[in-house]
Amino acid sequence: MNKIPMTAKGYTKLQQELKKLISEDRPNIIAAIAEARSHGDLSENAEYQYAKEQQSLIEGRISDLESSISRADVIDIKNISGEDIKFGATVVIEDDENGKIQTYQLVGEYESDIENKKLSINSPLARGLIGKSKDDNVEINSPKGMKSYTIISVKYI
């Protein structure tokens, strides 16, 4: 089994989501299915069909989370230091084309959230940054074509 790298915060977030799905969402959908069943003919019962679809989605997510949590390799970022970019680093980069400065933290696949500046370690940008350090230039082959960035800073916080 492959280990899945994640931060302690990401691991906690997955555990909380799993707990909510098991203790709240699963019982609620079971109750909704029972209620829909009581309305009679299931073949034309839209509430029942919807509830069964929701149950399938919830059970799939529970299975996915349980698998991820069991394979988690929790990495404590506070114990990481250095000049090179590694998992957990918070990186400030400048787009060489337009001068736009962006800050990202490199995190595991399950905790990535681009809106909150958490970049998946498996993304093209993150893969290009790994092993580089401050003042390095990086060229990334992205879906929008080649992009060039300059690394402004690397921190582990």
Filter region 55-105 down to residues that are touching a residue at least 60 places away in the same chain (Cβ under 8 Å) and acidic (D, E) and give me whichever is farthest from D136 (Cα to Cα). D73
The residue from I93, I85 that alone is modelled with pLDDT of 90 or more and in contact with a Gly (Cβ under 7 Å, 6 or more places away or on another chain) is I85
Can you tell me which residues in region 36-69 are hydroxyl-bearing (S, T, Y), at pLDDT below 95 and either over 16 Å from the mean Cα position of the chain (by Cα) or over 24 Å from D25 (Cα atoms) (or both)? S38, S43, Y48, Y50
Go through region 97-116 and give me each residue that's loosely packed, with under 10 Cβ neighbours inside 10 Å and basic (K, R). none
Taking region 121-139 and keeping only residues that are surrounded by fewer than 16 Cβ atoms within 10 Å (Cβ to Cβ) and not in a loop (DSSP other than H, G, I, E, B), one is left with P124, R127, N137, E139
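The values are calculated or read from the model by the stated rules, or taken from the named source; none is laboratory data. Every value quoted in this text rests on a predicted model; they were computed, and no experiment measured them. Backbone-built Cβ (ideal geometry, glycine too); neighbour counts: all protein chains shown.
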